[in-house]
Structure formats: structure tokens, C-alpha cells
Amino acid sequence: MSTPPKIQIGSFTVAFLTDGLWRNDGGCMFGVVPRELWKREHPPDAQNRIRLNLTCPLIVRGADAILVDCGIGNRLSDVERKIFDHGDGWLPGHLRALGMELGDVTAVICSHLHFDHAGGLVRRRDSGGFESAFPRARIFVQKGELDIARDPRNERLRAAYRHAEEILAPNLARIEAIDGPTEIIAGVTAVPTGGHTRDHQVCVVNDAAVGASFAHLADIVPTRSHLRGPWNQAYDLDALTTMEQKSLYLGRAIADGTWISFAHDDQIFAARVLNDRGRIVLGEKVPVPDL
Ligand SMILES: [Zn+2]
């Protein structure tokens, strides 16, 4: 396995780990956008699924190793593994390629608690049952996201969080419910956006001393194709808020050269963005290597 690519954001190193490639329905990923448009950049298979990533940036400075999201993990049933074309999860192997173990992660920031972002909070034991995947990590989730995941109020939310107790139970002692923008360590902040879920959050890294910054926009801009304003997921509970937040973060990234990373793009982990006569285009990139 190749070593995960890295960028330097002032005194922070950001390594782009992935929990692996997987597949999901293209229509769900692009909402109101016609298949004829999205299929050019994301060719669907016979089941209308497109190839996606599970990008989890690891932010390292000194003794701190902060993971943003943790992928699907190895908890899926055999049927779900076929549906999503995903196996045991690659995150432990990618950490090992950096000379680290799951136990070396000091914090996990969960953008939200959907299975493809927080499933990796647990590992299935050979002997049955689940254990915490990151035994030393503080786990940061917005309080509203945690409340809805634990007590979904309708059928749609119940389906979206049907795995929640399984992934939360072994971690309850170390989950920190945060309320609003929260600095995790100096220079690393979790900031709510809403949009995809009511309390979805992104992670912003900023080394003010050198003016370098990075943001993992999670499901606000899940692939390079979602840089376009109206290209949003059918899963978004409030697509207009997703559009507003996207516009805010991309506008800032264009203005100050912030690196942004995509949760699900199968070709590009991260990029800088530019305004090309009113169109947002990719500048410098961190491509996804052959995995
Ligand atoms: Zn997602």
C-alpha cells in the first residue's frame, strides 16, 4: 500500500487516509441533477452505482492526531457489503502505513453520524460484538446530531441512523457532545454547517502565524462535481443551507488559498479552488493514488 499523501498547513501535517472505495447510487449522490449530466464525471455501473471514496483527513501536530470522520469500518452485514461494494475498511492499514495504530488517534471529529462517516467508530470483534475502534480518542459530535441519532423522530431519520446505537454504545464514555463552533486544539475547529443533516459540522484548520488553512467540508462538498452550487445530494435535509454553506466556504477558499478536501471523491483527495470567470475550478490538487 502506498503511503497516504500529505500536505503541510503551517505547523500541521494533514495526511489523506481513506477507509476505502465503495459504491452508492448515483441518483442519491446528485439529487435533482439529471443522470445525463453526472454520468460524464461519475460513470454508473449496471446497478446505477458510482465509485466513491471514504476520505478521512488525519491532522497531526506534536502529540495530537485528529481524525476527521472514520468511514464505514468493518461492521456491515454480508448483504450490505454487496450493496455498497465495501469490505473490512482500509483505515487501520493506512494508519499503519504512517507508522501509527488506531490507538494513536487522540481525537475523532465526526461531521455527522451517518454510517459512511461514523461506522468506523467501532470494530467488529472476531468473537462477536463490537469494540471501540479508537480506544484513546476523544470523539467530538454536535449535540444536536447526537440527540437526533439517538432519538430519530420519523421514519426517514430512523432509517438514516439505524446503526447509531451499535456505533455509539462502545464509545459513550469518550463522546463529547459539543454545541456550536468548538476549538478542539489550538488551530483546529469544528464548525456546524447544517444542510446535509441539521447539525452537520466541518473541520477547519488554521495556522494563523503563517496564514495557512485547510477545511474538510464533508458532505457539504462530497465530490469535485459538487463544487457547482445546485449539485447536492438527495440525502440533504436542507439543500438550500448546503448551497449557502458551500458558497461561504468556497468563497473563502478562493480568497485565501485554503485547501479543501472532499469526503467522497474517487479521484481527488484535496485541492485549492480558483474562480475562473465565475466558475469554480480546481487549482493545485492532491490526487487519489492507485489504492
Ligand atoms: Zn457521506
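Descriptive notes on the structure:
- Looking at the range 168-291, the accessible area is 42 square angstrom per residue; that uses a 1.4 Å probe and ignores ligands, DNA and RNA.
- Each label point was placed 7 Å from the Cα along the Cα-to-Cβ direction; for ILE83 and SER11 their separation is 4.6 nm.
- Extension gain for ASN275 to ASN48 (0.36 nm times residue separation, less C-alpha to C-alpha distance): 78.5 nm.
- Debye log10 I(q)/I(0) for the chain, one point scatterer per Cα, at q = 0.13, 0.14, 0.15 Å⁻¹: -0.85, -1.00, -1.18
- Shown for the chain: the carbon plus sulfur share of the solvent-accessible area, taken with all protein chains present and a 1.4 angstrom probe, equals 51%.
- When each of LYS39/LYS285; LYS143/LYS285; LYS6/LYS246 is checked by Cα-Cα distance, pairs over 31 Å: LYS143/LYS285
- For the range 1-140, the solvent-accessible area with a 1.4 angstrom probe is 40 square angstrom per residue.
The values are calculated or read from the model by the stated rules, or taken from the named source; none is laboratory data. None of these values were measured; they are calculated from a predicted model. All Cβ positions, glycine included, derive from the backbone under ideal geometry; neighbour counts span all protein chains shown. Ligands, DNA and RNA are stripped out before the accessible areas are found, and what is left, the full protein with its side chains, is counted by its heavy atoms. Shrake-Rupley method; radii C 1.70, N 1.55, O 1.52, S 1.80 Å.
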